[in-house]
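**Student:** Sharing a structure with you now.
The values are calculated or read from the model by the stated rules, or taken from the named source; none is laboratory data. Owing to the predicted nature of the structure, the values given are computational and were not obtained by experimental measurement. Note: ideal-geometry Cβ built from the backbone for every residue, glycine included; neighbour counts use all protein chains shown. Ligands, DNA and RNA are excluded from the accessible area calculation, which covers all protein heavy atoms including side chains. Shrake-Rupley method; radii C 1.70, N 1.55, O 1.52, S 1.80 Å.
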There are 2 protein chains.
Amino acid sequence: MPARIEDVALKAGVSTKTVSRVFNREPNVSEKARARVEAAARELNYRPNPSARSLAGNRSYLVALLFDNPHAGSSYVMELIVGVLQACENTHYNAMLRPLDLSADPVAAIEEFVAQFRPDALVLAPPIGDDLKILRRLDEWNVRYSAISARSSHARIGVGFDERRAAAEMVEHLAALGHRRIGHIAGRAGHGARAWRLAGYRDGLRKAGLDYDEAVVVDGDFSFESGIAAGAQLLDLRDPPTAIFAANDDSACGAMHEAFERGLSIPRDLSICGFDDTPASAQVWPSLTTVHQPCREMGRIATEQVLLSMRDPGAAQTVRISYEIRIRGSTGPVRAKSATGAYRGARKG
Amino acid sequence: MPARIEDVALKAGVSTKTVSRVFNREPNVSEKARARVEAAARELNYRPNPSARSLAGNRSYLVALLFDNPHAGSSYVMELIVGVLQACENTHYNAMLRPLDLSADPVAAIEEFVAQFRPDALVLAPPIGDDLKILRRLDEWNVRYSAISARSSHARIGVGFDERRAAAEMVEHLAALGHRRIGHIAGRAGHGARAWRLAGYRDGLRKAGLDYDEAVVVDGDFSFESGIAAGAQLLDLRDPPTAIFAANDDSACGAMHEAFERGLSIPRDLSICGFDDTPASAQVWPSLTTVHQPCREMGRIATEQVLLSMRDPGAAQTVRISYEIRIRGSTGPVRAKSATGAYRGARKG
DNA sequence: TTTTCGATTGACAGCGCTGACAATTTGCAG
DNA sequence: CTGCAAATTGTCAGCGCTGTCAATCGAAAA
């Protein structure tokens, strides 16, 4: 049987309340008392019972990371989690995970979840923080939350970076390599990331003095498969782009796949770049030029902020962090163009 | 304020204990009582308070997944987690995550963790289930656990599949393509997976009537970088292999990278296959021939078994599941050999 | 009808902690 | 010293539930 607070109090010669104060870092404990309590606790190998503490304190000490179910299994979410766990270290808080089916009724699912587990705070992985219906309901229920990479400014607390500027820089990088016809594979509708990256794409074109041509902007949904389809669509054009900026790495890899299937060489015949810096982006060959976003740090910061908001509402905010363009092997100088349509139909697998 | 068990009891006209029985699926509750309780609970939108339940029942209703810290962020672990979460659904159990630093003192870390959070059960991700020191301590402390892909049979409860046979099949596949010199990139020392896959490699060679040559077996540690190094080592040989079986996909991708850097074509000049079927393995080009292991299912089963063992010790066991060889583009028929050492030094990046 | 015994139900203490608030001590000006 | 406010410490109820065990019920047996 583990030691209880009473045992510690007895051994330290103080009341249980004083022990409680020490363990909860409450003020108004003399150094002497604190020392005696700490010594006694160490000796008895005492750890507060989380359930008792939750019950008495009417808090769960739980932070839940909500994410889109289809992303379950992705290393992006896993990185976020690790960040959340880091933020919980040395606090009394604990992390929980909740995959959500956004195509069903996420509001109901969240309500059910909150009712059942009573988390003290939520961390919303994208694109959940973009759903105003959800945010408003959370406000109504008075549930604290922090949003990761949310487009809307409705979420007061969270973390993000300037995806639009990053996307623009990526396009400028391509333009600097001499590319004049740069395609874009857009993200999934409803994701803030889609809008931001598309806007950044246009910014980048503008800065490079290039015209926006919707013929070379095709829809995707962030998946590898959608990247294959989008890549095919772009390469089938009469006047295909010489470079493709995909809204994320998975779809960039899909486009790369399609290009290889057609016997193209990358980056000789086609430059491709992505966004996110997933593990796969470094493992493909040539490795993918992309935007590195520090997911783990983002998970950590989002959690820290929401925990901060519990101690000191008003102190917490949306933190803007920095990203990094990682230029790797998949982008290179544009080549003198071969005959129009030369790519079409070659070795299509 | 959410409804309490007392409110439900009052509304249903029964004692709180009867409500408790209904919610804990205890026997000896009449159909009538059950129906009334369920109706009342529904009406009041009642959910048992997890903390109160834990405190009174002296259980945490927590299952923790322990994994090796360096794997944090990998999709493998994430898939396991999703499986663990699936198993917890519709139970009162909840999943927790715990990255562990195996290079430090994992026994102490686990002890600390168990003391603090008091999980009712642990699920051990590889290679934790291979560490007898840890398992014996858990037995001492009387902590239930379930091991995923543990080599040792010390863990009575868990899940795994015949990695050795899968590896052998992979090698036989290569042999069937005409390869006579098949290299192996081994896994990290201490991982059961290393031993199993290496043994399977030898089995496969034997079945194909090929001799084992330690010159084409090089060490790796399951990382992409180690795959690059190992690939370089193999391709630098005077008589390099025409096919490489890597102990996992990351190192296989590394070897592929190295081959491409040398201007080789895959699978024309070199066949490569891996193990695990990570997301990246499908995204590289050509996509990787590999062994698919159903991680999510493994996480789920490992959890189910350990939860089962709480209700009915003796019923739980180590479940052996099936795998699948996924033959994709990275393996192909062997070619007539070019001049010895022809690969060496070409375009080394 | 009465008895018996298993099935069902309930009463109540107490799990280990914290919140509210009361009591006590301390520090310091008067 | 005394008085008083601030700092420190303690008391105790109660958080919402389950374990234990006693009470009650119902149906088959006598």
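**Student:** How would you classify the stretch A:20-107 from its alpha-carbon gyration tensor, with a ≥ b ≥ c the square roots of the eigenvalues: rounded for a/c under 1.5, else prolate if a/b is greater than b/c, otherwise oblate?
**Tutor:** Prolate is the answer for the stretch A:20-107, as a/c is 1.5 or above and a/b outweighs b/c.
**Student:** Once amide H atoms are placed 1.01 Å from N in the peptide plane, what residues at a sequence separation of 5 or more from B:HIS179, or on another chain, have their amide H within under 5 Å of its amide H?
**Tutor:** Excluding prolines and chain starts, which carry no amide H, the hits are B:VAL334.
**Student:** Place a +1 charge on the Cβ of each Lys and Arg in the stretch A:1-120 and a -1 charge on the Cβ of each Asp and Glu, then give the dipole magnitude about the Cα centre in debye, rounded to the nearest 20.
**Tutor:** 900
**Student:** If you plug each phi of the stretch A:283-292 into the Karplus form 6.51 cos²θ - 1.76 cosθ + 1.60 with θ = phi - 60°, what whole-Hz ³J(HN,Hα) values come out, in order, with x for Gly and Pro?
**Tutor:** 8, 6, 10, x, 5, 8, 6, 7, 9, 7
**Student:** Still on this model: May I ask you to work out the translational diffusion coefficient for the stretch A:163-289 at 25 °C, viscosity 0.890 mPa s, via Stokes-Einstein with Rh from the Kirkwood sum over Cα pairs, reported in whole µm²/s?
**Tutor:** 178
**Student:** What is the local net charge at B:GLY83, summed over the other residues whose Cβ is closer than 14 Å to its Cβ (Lys, Arg +1; Asp, Glu -1)?
**Tutor:** -2
**Student:** Ranked by accessible surface with a 1.4 Å probe, highest first, in what order do A:HIS179, A:HIS154 come?
**Tutor:** If we order A:HIS179, A:HIS154 from most to least accessible, we get A:HIS154, A:HIS179.
**Student:** Let me ask something additional. Kindly provide the pair-distance distribution of the protein assembly as shown built from C-alpha pairs, with 10 Å bins from 0 and whole-percent values in order of increasing distance.
**Tutor:** That works out to 3, 14, 21, 23, 19, 12, 6, 2, 0, in percent per bin.
**Student:** With springs connecting C-alpha atoms under 10 Å apart, model chain A as a Gaussian network and identify which of A:ALA189, A:ALA125, A:ALA252 has the largest mean-square fluctuation.
**Tutor:** A:ALA189
**Student:** Can you grab the distance from the C-alpha centre of the stretch A:103-175 to the C-alpha centre of the stretch A:6-56, Å, no decimals?
**Tutor:** Measuring centre to centre over Cα atoms gives 38 Å.
**Student:** Can you send over the solvent-accessible area of B:LYS11, 1.4 Å probe, protein chains only, in Å² to the nearest 10?
**Tutor:** About 110 Å², ignoring ligands and nucleic acids.
**Student:** Compute the angle between helix B:249-261 and the longest alpha-carbon principal axis of chain B, please, reported from 0 to 90 degrees and rounded to the nearest 10.
**Tutor:** Value to nearest ten degrees: 30.
**Student:** In nm², what is the average projected area of the convex hull enclosing the Cα atoms of the stretch B:80-231?
**Tutor:** 11.0
**Student:** Another question, if that's okay. Expressed as an acute angle from 0 to 90° and rounded to the nearest 10, what is the orientation of the C-alpha long axis of helix B:132-141 relative to the principal long axis of chain B?
**Tutor:** Helix B:132-141 sits roughly 10 degrees off the main axis of chain B.
**Student:** Which far-off residues, 5 or more places away or on another chain, put their amide H under 5 Å from the one on B:HIS184, with H placed in the peptide plane?
**Tutor:** Residues meeting the criterion, in which the H sits 1.01 Å from N, are B:VAL217, B:VAL218, B:PHE245.
**Student:** At q = 0.10, 0.11 Å⁻¹, work out log10 I(q)/I(0) for chain A with the Debye formula, treating every Cα as an identical point scatterer and leaving solvent out; two decimals please.
**Tutor:** Per q value, in the given order, log10 I(q)/I(0) is -0.68, -0.77.
**Student:** Got the B:LEU132 label distances to the other copies yet, label 7 Å along Cα→Cβ, in nm, shortest first?
**Tutor:** Copy-to-copy label distances for B:LEU132: 6.4 nm.
**Student:** Would you grab the residues whose amide H sits under 5 Å from the one on A:TYR145? Only those 5+ places off in sequence or on another chain, please, with H modelled 1.01 Å from N.
**Tutor:** Those lying under 5 Å, H to H, from A:TYR145 are A:LEU122.
**Student:** In peptide B:74-84, what is the residue-averaged number of other protein chain Cβ atoms found within 10 Å of each Cβ?
**Tutor:** 5
**Student:** Provide the gained length on full extension for the span A:ASP162 to A:MET310, in nm with one decimal, where the gain is 0.36 nm per separating residue minus the Cα-Cα distance. Provide the component values of the computation, followed by the final result.
**Tutor:** Working: separation 148, 0.36 × 148 = 53.28 nm, distance 2.66 nm.
Here the segment from A:ASP162 to A:MET310 would lengthen by 50.6 nm.
**Student:** Let me ask another. At 1.4 Å probe size, what's the solvent-accessible area of A:TRP285? Round to the nearest 10 Å².
**Tutor:** Rounded to the nearest 10, that gives 50 Å².
**Student:** Using Cα atoms only, what is the angle between the long axis of helix A:31-44 and the major principal axis of chain A, expressed in degrees (0 to 90) to the nearest 10?
**Tutor:** Around 80 degrees separate the two axes.
**Student:** Still on this model: Could you identify which residue out of A:ASP105, A:ASP221, A:ASP120 has the top mean-square fluctuation in a GNM of chain A using Cα springs shorter than 10 Å?
**Tutor:** Of A:ASP105, A:ASP221, A:ASP120, the Gaussian network model singles out A:ASP105 as fluctuating most.
**Student:** Taking a point 7 Å out from Cα toward Cβ as the label site, list the nm distances between B:ASP239 and the same residue in every other copy, smallest first.
**Tutor:** List, nearest first: 5.8 nm.
**Student:** Another one. Please compute the net charge surrounding A:ALA39, taking Lys and Arg as +1 and Asp and Glu as -1 over other residues with Cβ under 12 Å from its Cβ. Don't skip to the end; give the middle numbers.
**Tutor:** On the way: positive: A:LYS11, A:LYS32, A:ARG34, A:ARG36, A:ARG42; negative: A:GLU38, A:GLU43.
Counting the neighbours of A:ALA39, the net charge comes to +3.
**Student:** Largest first, what is the accessible-area ranking of B:TYR201, B:TYR323 with a 1.4 Å probe?
**Tutor:** Result of the area sort, largest leading: B:TYR323, B:TYR201.
**Student:** Suppose you put the label 7 Å out from Cα in the Cβ direction; list, shortest first and in nm with one decimal, how far B:ASN58 is from each other copy's label.
**Tutor:** Those label-point separations list as 2.9 nm.
**Student:** Here's something else I'd like to know. How do B:ILE266, A:ILE228 stack up against each other in accessible area, from largest to smallest, with a 1.4 angstrom probe?
**Tutor:** Sorted descending by solvent-accessible area, the residues read A:ILE228, B:ILE266.
**Student:** Which of rounded, prolate, oblate describes the stretch A:217-301, given a ≥ b ≥ c as roots of the alpha-carbon gyration tensor eigenvalues and a/c under 1.5 marking rounded, otherwise prolate only if a/b is larger than b/c?
**Tutor:** On the way: a/c = 2.39, a/b = 1.80, b/c = 1.33.
The shape class here is prolate.
**Student:** Right, something else. Given N residues in the stretch A:5-48, what is its alpha carbon radius of gyration divided by 2.2 N^0.38 Å?
**Tutor:** 0.95
**Student:** Please check: in the Gaussian network model of chain A (C-alpha springs, under 10 Å), which one of A:ARG34, A:ARG53, A:ARG136 has the largest mean-square fluctuation.
**Tutor:** Checking each option, the largest mean-square fluctuation is seen for A:ARG34.
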